[in-house]
Amino acid sequence: MGRISVGGDQTARAEDIPSVRSDASLAHRIRSVLAIRPFRRLWGVSFICSTGDWLSLLALTGLITKLTDDYAFQNYAFAGVVLTQLLPGLLFAPFGGLLADKFDRRKVMVACDVMRGGLLISIAVVGTPVWLLIANFLVGCCQLLWIPSKDAAVPNLLRRKDQVETANQLALVMTWGISVIAGAGLYALITGISSQVFHVKLDDTGMGMATIIVAINGLFYLTSAVIVATRIPELSIRVVAPVKKDEPQKENTSLWAMLRDGLRFIRSTRLVRGLLIGMTGAFAAAGALVGSSKPYSSSLLGGDSAFGWLFAALFIGLGGGMASATKMAQRIPHNRLFGISIVLAGLGLLPIAASPHLWVSLVAVAFVGACAGIAFLTGVTIIGTQVEDAIRGRINAIYQSLMKIILALSMITVPLFIGLVRPRNVEIFGAAVRVDGTRPVLFVAGLIAALVGVIAYRQMDDRRAETILADLKAAIRGKPRRSTGLLIAIEGDTAQDTASQSRLLTDWLRKSGNREILLATDPTLNDRRLRAVLAGAELTGARAHALVAAAVRADIVEREIRPALDRGAIVVMERFVDSPFAHLSAVAGLDPEEMEGLTDWATAKLRPDLTVLLDRDPATLPPTRYQSNDHHWRVQDLLLEMASSDPDRYVVVDSDDNDEATSQRVIMAVRGAIAARKLGLDEIDDRTPVEAQ
């Protein structure tokens, strides 16, 4: 099994990690993902299998009605075929994820495809309705094992994490768009040609064209097995996280132990816990909408045509939401966007419940579909980018199985609740409306989904210091979103102090948490670059000096800090902007407002989440060739003035002692600020530096 090790030295420069512009066009992002040969081949395999799934649904429904003369049994044919494929999700939810995390994912996919193909061919051979349902149940079991392995392998085939969202969009378009059209079209084409051109009729045993279609469908899965086995060896690649020196290597890798680890991971990880809670509400709302769609269309007095329009609006909304999710994620972080979209989807059910007219319902249904599309794609993207490879298969399996379980239960129970309310006709704003059980069911489902969305949002929000209104305003104004990472700046009078404390704080953060920690480029290098630029261009004016210093900082932000924050890393930056510009202001007496505007321009208004100011008595600093004691006093006064003007962002630490004593004060101040300001770092060790040792 191929393996790739990740991690190691996390001080690697951010520019070593490729990135693409967040505003790249959709066409460019799609081309960049499809240019990856293993993913392109897997996408083709997904087309074959998804087309086979939809063709199987139609063919088995048609076949089972031909295998029996029982009228009641024929009425339940479609529901029986659907439920026997959903039933494995109710019984074996995490098992597919366990196999995906323990065994070679390519071999799991090949075995499942071979079994699916053989089972469908056996349906054509046996030709009894009982075996059809049994075999269809087993096909659903194979599908439950196949999907987590495929989904967990996708991120490992891509070049960058930012491609995961585009890959998920392509997969969903294939599964719910292209394959639906291809499967339905192929079924209509084969049955149409057989009946209209060749005049083929089903014989009395049911072994006719529907049986032939089922056999052809089995060959689809066998073809997929051959392609996966011979043309996509990259599916076997694993990304192995490095083992910490003080962490014992796990020997117990049994399926039961892996299941316990997966459940423990869900309980201990707010992100995944909120993700699953949110999807419970989203799928319940979706199940209520789908389960009540037929009687709801009757309550609008629209008949079958209204039913068709409502379904069209739902799928148009789903497609639009999935297409717009990437744009929305550029303005609102995935962790927040997920919960917000579920809340909006739940609230969107309320006008559907109260709608007096079909057109109002169509707009509301399209809106709910769009929010559901955003939520589903965002959830899959979060799993692909923020859950490590070793456990991704189990989380994917639970996520996919949860969807099927909640949808199935909703579709079963919704008709029962609808039947509790007797329908009656009323007139609203001059329009005749039938009020039946669909209205209260949709209303209650909307409230439940909105409430669950709020719970999921609070679980997953890792930026509690910033209000959601700030993100919503930025989204409306078209501004780029604030990253999910954390920026800690170490400011002080001397570069020696800030460099030493930044290094010691970075070491503590790496030992205390599981996030990626990045120590930004040493400013001394940038000071040398700054002097080289000034000397080479023969620039001597104070304003020119400030502009070049701003340009150096702008380069650090664009090249190192922004990409790391977008990956969710904690960035420790020494002398971000306060210290350099305080020195410039002390020397040249530049206008503080002008300096602040220049800072905003250089950093694109990026400000640290937390600034640690080292407060050192300037009298303890010996004068140098370039800087007198008076200069140090002016710089320290300016820095303390900045801290007093924004106490929510600054912590001031006494740094007159040696580096070790100062480091303990810095660590305790950072730990206290993280806890008090709820900066979303629950995984950071809450022990004091002495206890941690």
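Every number in this text was worked out from the coordinates using simple rules, so none of it is lab data. In this text, all values refer to a predicted model and were calculated from it rather than measured experimentally. Glycine gets a Cβ as well: all are built from the backbone with ideal geometry, and neighbour counts include every protein chain shown.
If I stretch the segment between Thr223 and Ala619 completely, what's the gain in nm (0.36 nm per residue apart, minus their alpha carbon distance), one decimal?
Here the answer is 134.6 nm.
Between Phe103 and Ala604, what length in nm is gained on full extension when 0.36 nm per residue of separation is reduced by their alpha carbon distance?
Stretched fully, the Phe103-Ala604 segment lengthens by 175.7 nm.
How would you rank 275-283, 111-119, 227-235, highest first, on the average number of other Cβ atoms within 10 Å across their residues?
275-283, 111-119, 227-235
Between Ala661 and Val173, what is the label-point separation in nm under the 7 Å Cα-to-beta-carbon projection?
With each label point 7 Å from Cα toward Cβ, the separation is 6.4 nm.
Quick check: net charge around Met322, other residues with Cβ under 14 Å of its Cβ, Lys/Arg +1 and Asp/Glu -1?
Within the 14 Å Cβ shell, the charges total +1.
Fewest to most neighbouring Cβ within 10 Å: what's the order for Arg40, Arg567?
Listed from fewest to most nearby Cβ atoms, that is Arg40, Arg567.
What are the ³J(HN,Hα) couplings of region 212-228, residue after residue, when phi is run through the Karplus curve with 6.51, -1.76, 1.60 and θ = phi - 60°? Round to Hz, x for glycine and proline.
Listing the rounded values in order: 5, 5, 4, 5, 4, 4, x, 5, 4, 5, 5, 4, 4, 4, 5, 5, 4 Hz.
With labels modelled as points extended 7 Å from the Cα through the Cβ direction, what inter-label distance (nm, one decimal) is found for Ile412 paired with Leu301?
Each label point lies 7 Å from its Cα, and together they span 3.7 nm.
Going by amide H atoms built from the backbone, whose H comes under 5 Å of the H on Val652, apart from near neighbours?
Excluding prolines and chain starts, which carry no amide H, the hits are Leu613.
Please give the net charge around Ser410, taking every other residue with its beta carbon less than 15 angstrom from that of Ser410, where Lys and Arg add +1 and Asp and Glu add -1.
Summing Lys/Arg as +1 and Asp/Glu as -1 gives +2.
Can you put Ser644, Ser401 in order, fewest other beta carbons within 10 Å first?
By the 10 Å Cβ count, ascending, the order reads Ser644, Ser401.
Sort His632, His545 so the one with the fewest other Cβ atoms within 10 Å of its own Cβ comes first.
Least to most surrounded, the residues fall as His545, His632.
Between region 291-356 and region 150-174, what is the C-alpha centre distance in whole Å?
When both Cα centres are located, 25 Å separates them.
On each of the three principal axes of the Cα atoms of region 347-429, give max minus min coordinate, whole Å, ordered largest first.
58, 27, 14
Would you mind computing, in nm to one decimal, how far apart the modelled labels at Glu641 and Leu34 are, each placed 7 Å from Cα along Cα→Cβ?
Between Glu641 and Leu34, the label points sit 5.9 nm apart.
Once region 286-442 is represented by equal point scatterers at the alpha-carbon sites, with solvent omitted, what log10 I(q)/I(0) does the Debye formula produce at q = 0.14, 0.19, 0.21 Å⁻¹?
-0.74, -1.16, -1.31
Per residue of region 317-329, what does 6.51 cos²θ - 1.76 cosθ + 1.60 with θ = phi - 60° give for ³J(HN,Hα)? Whole Hz please, x for Gly and Pro, Karplus curve as stated.
With the stated coefficients, region 317-329 comes to x, 4, x, x, x, 5, 5, 8, 4, 5, 4, 5, 5 Hz.
Along the positive direction of the dipole of region 88-163 (beta-carbon charges: Lys, Arg +1; Asp, Glu -1; about the Cα centre), which of Ala124, Gly140, Val110 reaches farthest?
Val110
Less than 13 Å Cβ to Cβ from Glu165, Lys/Arg counted +1 and Asp/Glu -1: what total charge do the surrounding residues give?
Once all neighbours under 13 Å are counted, the net charge is +2.
Apply 1/(1 + (r/R0)^6) to the Cβ-Cβ distance of Arg159 and Leu263, taking R0 = 35 Å, and write down the FRET efficiency to the nearest 0.05.
It comes out at approximately 0.60.
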